[in-house]
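Colleague: Below are the structure tokens for one structure; questions will follow.
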Amino acid sequence: MKLATLKDGSRDGKLVVVNERLTFCTDASHIAPTLQAALDDWDTIAPKLALLAESLSHEAVPTIRFHEHDALSPLPRAFQWADGSAYVNHVELVRKARGAQMPDSFWTDPLMYQGGSDTFLAPRDPIRMRDEAWGIDMEGEIAVITGDVPMGISPADALGTIRLVMLVNDVSLRGLIPAELGKGFGFFQSKPSSTFSPVAVTPDELGDAWKDGKLHLPLQVDLNGAPFGRAEAGVDMTFDFGQLIAHAAKSRDLGAGAIIGSGTVSNKLDGGPGKPVAEGGVGYSCIAEIRMIETIKDGQAKTPFMKFGDTVRIEMVDGDGHSIFGAIEQTVEKV
């Protein structure tokens, strides 16, 4: 089942069910007005949405064309957005470039920050910033939306709370991060509104690609129309989504509609840093990573962060080349 939220002039949009190829959708607001409403009563609502999805596949219900530009993020706002850093290779590179040792605990205890969830950007909205000097960077990630999660849940049981899967552009302002972290109190200004894919899908919709709490497909990240990243999301993921959810729920319940992110998708190559796509590697899901590798190899970074007018596109396709979640495509604009 594939779900999306269409713009309708309201803050939270209108819930629709989308067909497999993302070409048509049908109104689901008579079942649940919003995705959050569906998540709040998932056990009752999900079977009804699944029947609607079946009817849509047989063209047995009224349909309209599905245009990704008309979609908000599936949850335009959420009660919880917690982003992990499951690809420890990414963390290791960032720390190595600034000469910092990585604690051994990073391999056994996930990193996670609590992001702002009151406003998410639509998947085709511009990234509006005041200053290029802030170091504007994209971060291609996977995320899941959970149902209610009890405090202290085990990682194995946490997998059963996953309702939907989607893609993320977790925008980071690299120029603001060092000063914020230097205060010892975490991110805030350096993590503006994130963006999610036009469509969120149930895990069963992913078939064999969804296994062991990981999504085993390449994440396609393009920068200004050129391939930038093709990292395998199921490879080098130290912590699966069950472990990430359990980590978030160690000391609190999570409410239905909580979003948990994977962190930047990142692969190693022969035990070392990856190579750019142009050099036969799988590339990177954020600019910071290639800059770290340049710093390690050459003593300084040469790839610039995003400038006004730059465009990023984040997408994932199935084995037949069809888009699964639709595309996040955003241009950086000056406020």
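Colleague: Working only within the stretch 52-85, note down all residues that are open to solvent by less than 90 Å² (accessible area, probe 1.4 Å) and charged (D, E, K, R).
Modeller: Glu68, Asp70, Asp83
Colleague: Scan the stretch 279-287 and tell me whether some residue there is open to solvent by 40 Å² or more (accessible area, probe 1.4 Å), without any contact (Cβ under 8 Å) to a residue 40 or more places away in the chain and either under 13 Å from the mean Cα position of the chain (by Cα) or closer than 22 Å to Arg174 by Cα (or both).
Modeller: Checked against the condition, which is being open to solvent by 40 Å² or more (accessible area, probe 1.4 Å), without any contact (Cβ under 8 Å) to a residue 40 or more places away in the chain and either under 13 Å from the mean Cα position of the chain (by Cα) or closer than 22 Å to Arg174 by Cα (or both), the stretch 279-287 yields no hits at all.
Colleague: Out of the stretch 26-41, which residues are more than 21 Å from the chain's Cα centre (by Cα) and open to solvent by less than 20 Å² (accessible area, probe 1.4 Å)?
Modeller: Those that are more than 21 Å from the chain's Cα centre (by Cα) and open to solvent by less than 20 Å² (accessible area, probe 1.4 Å): Thr26, Ala28, Ala32.
Colleague: Could you list, in sequence order, all residues of the stretch 178-210 that are of a type in the set (S, T, N, Q), under 23 Å from Val221 (Cβ atoms) and over 15 Å from the mean Cα position of the chain (by Cα)?
Modeller: Result: Ser190, single match.
Colleague: Is there any pair linking a residue in the stretch 38-51 that is over 15 Å from Val16 (Cα atoms) to one that is modelled with pLDDT of 95 or more and aliphatic (A, V, I, L, M), with Cβ under 6 Å and at least six apart or on different chains, and which?
Modeller: Qualifying pairs under 6 Å: Asp40/Ala256.
Colleague: Can you find even one residue in the stretch 110-132 that is closer than 24 Å to Leu215 by Cα, at pLDDT below 95 and loosely packed, with under 14 Cβ neighbours inside 10 Å?
Modeller: Within the stretch 110-132, not a single residue is closer than 24 Å to Leu215 by Cα, at pLDDT below 95 and loosely packed, with under 14 Cβ neighbours inside 10 Å.
Colleague: Collect the residues in the stretch 133-146 that are under 28 Å from Val201 (Cβ atoms) and either polar (S, T, N, Q) or open to solvent by 30 Å² or more (accessible area, probe 1.4 Å) (or both), keeping them in residue-number order.
Modeller: Thr146
Colleague: For Pro103, state whether it is open to solvent by 20 Å² or more (accessible area, probe 1.4 Å) and at pLDDT 95 or above.
Modeller: no
Colleague: Given the criteria of a type in the set (Gly, Ala, Ser) and either within 27 Å of Glu329 (Cβ to Cβ) or part of a loop (DSSP other than H, G, I, E, B) (or both), does Ala50 qualify?
Modeller: no
Colleague: Residues of the stretch 260-316 being modelled with pLDDT of 95 or more, β-branched (Val, Ile, Thr), closer than 16 Å to Ala233 by Cβ and not in a loop (DSSP other than H, G, I, E, B), which ones?
Modeller: Ile260, Ile314, listed by residue number.
Quick grid of which residues meet (1) buried (at least 22 other Cβ atoms within 10 Å of the Cβ); (2) of a type in the set (Val, Ile, Thr):
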residue: Gly263; (1), (2): yes, no
residue: Ile296; (1), (2): no, yes
residue: Gly299; (1), (2): no, no
residue: Lys307; (1), (2): no, no
residue: Gly321; (1), (2): no, no
residue: Phe325; (1), (2): yes, no
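Colleague: If Asp253 satisfies every condition in (1) of a type outside the set (A, V, I, L, M); (2) within 19 Å of the chain's Cα centre (by Cα); (3) at pLDDT 95 or above; (4) open to solvent by 40 Å² or more (accessible area, probe 1.4 Å) but one, which is the exception?
Modeller: Here Asp253 clears every test but (2).
Colleague: When you go through Thr44, Thr119 one by one, which is the residue that is part of a loop (DSSP other than H, G, I, E, B) and among the hydroxyl-bearing types (Ser, Thr, Tyr)?
Modeller: Going through Thr44, Thr119 in turn, just one is part of a loop (DSSP other than H, G, I, E, B) and among the hydroxyl-bearing types (Ser, Thr, Tyr): Thr119.
Colleague: Does the stretch 104-119 contain any residue that is among the aliphatic types (A, V, I, L, M) and either free of Cβ contacts under 8 Å to residues at least 24 places away in the same chain or in contact with a Pro (Cβ under 9 Å, 6 or more places away or on another chain) (or both)?
Modeller: The answer is no, given that none of the residues of the stretch 104-119 is among the aliphatic types (A, V, I, L, M) and either free of Cβ contacts under 8 Å to residues at least 24 places away in the same chain or in contact with a Pro (Cβ under 9 Å, 6 or more places away or on another chain) (or both).
Colleague: Pairs only if they're at least six apart or on different chains, beta carbon under 9 angstrom, first in the stretch 198-220 and under 24 Å from Gly283 (Cβ atoms) and open to solvent by 40 Å² or more (accessible area, probe 1.4 Å), second assigned to a loop (DSSP other than H, G, I, E, B) and of a type in the set (Asp, Glu); list them, first residue then second.
Modeller: From residues that are under 24 Å from Gly283 (Cβ atoms) and open to solvent by 40 Å² or more (accessible area, probe 1.4 Å), the pairs are Lys214/Asp240.
Colleague: Could you check the stretch 147-169 and list, in sequence order, the residues that are open to solvent by less than 30 Å² (accessible area, probe 1.4 Å) and in contact with a Phe, Trp or Tyr (Cβ under 9 Å, 6 or more places away or on another chain)?
Modeller: Matches in the stretch 147-169: Gly147, Ala158, Ile162, Val165, Met166, Leu167, Val168, Asn169.
Colleague: Return the residues of the stretch 86-96 that are crowded, with 18+ Cβ neighbours inside 10 Å and more than 21 Å from Gly234 (Cβ to Cβ); say none if nothing qualifies.
Modeller: Of everything in the stretch 86-96, just one residue is crowded, with 18+ Cβ neighbours inside 10 Å and more than 21 Å from Gly234 (Cβ to Cβ), namely Val94.
Colleague: Let me ask something additional. Only one of Thr23, Thr44 is under 26 Å from Leu254 (Cβ atoms), at pLDDT 95 or above, of a type in the set (Ser, Thr, Tyr) and open to solvent by 10 Å² or more (accessible area, probe 1.4 Å). Can you tell me which?
Modeller: Of the residues listed, the single one that is under 26 Å from Leu254 (Cβ atoms), at pLDDT 95 or above, of a type in the set (Ser, Thr, Tyr) and open to solvent by 10 Å² or more (accessible area, probe 1.4 Å) is Thr44.
The values are calculated or read from the model by the stated rules, or taken from the named source; none is laboratory data. For clarity, every value in this text was computed on a predicted model and none was experimentally measured. Note that each Cβ is placed from the backbone with ideal geometry, even for glycine, and that neighbours are counted across all protein chains shown. Heads up: the accessible areas ignore ligands, DNA and RNA and are worked out on the full protein's heavy atoms, side chains in. Shrake-Rupley method; radii C 1.70, N 1.55, O 1.52, S 1.80 Å.
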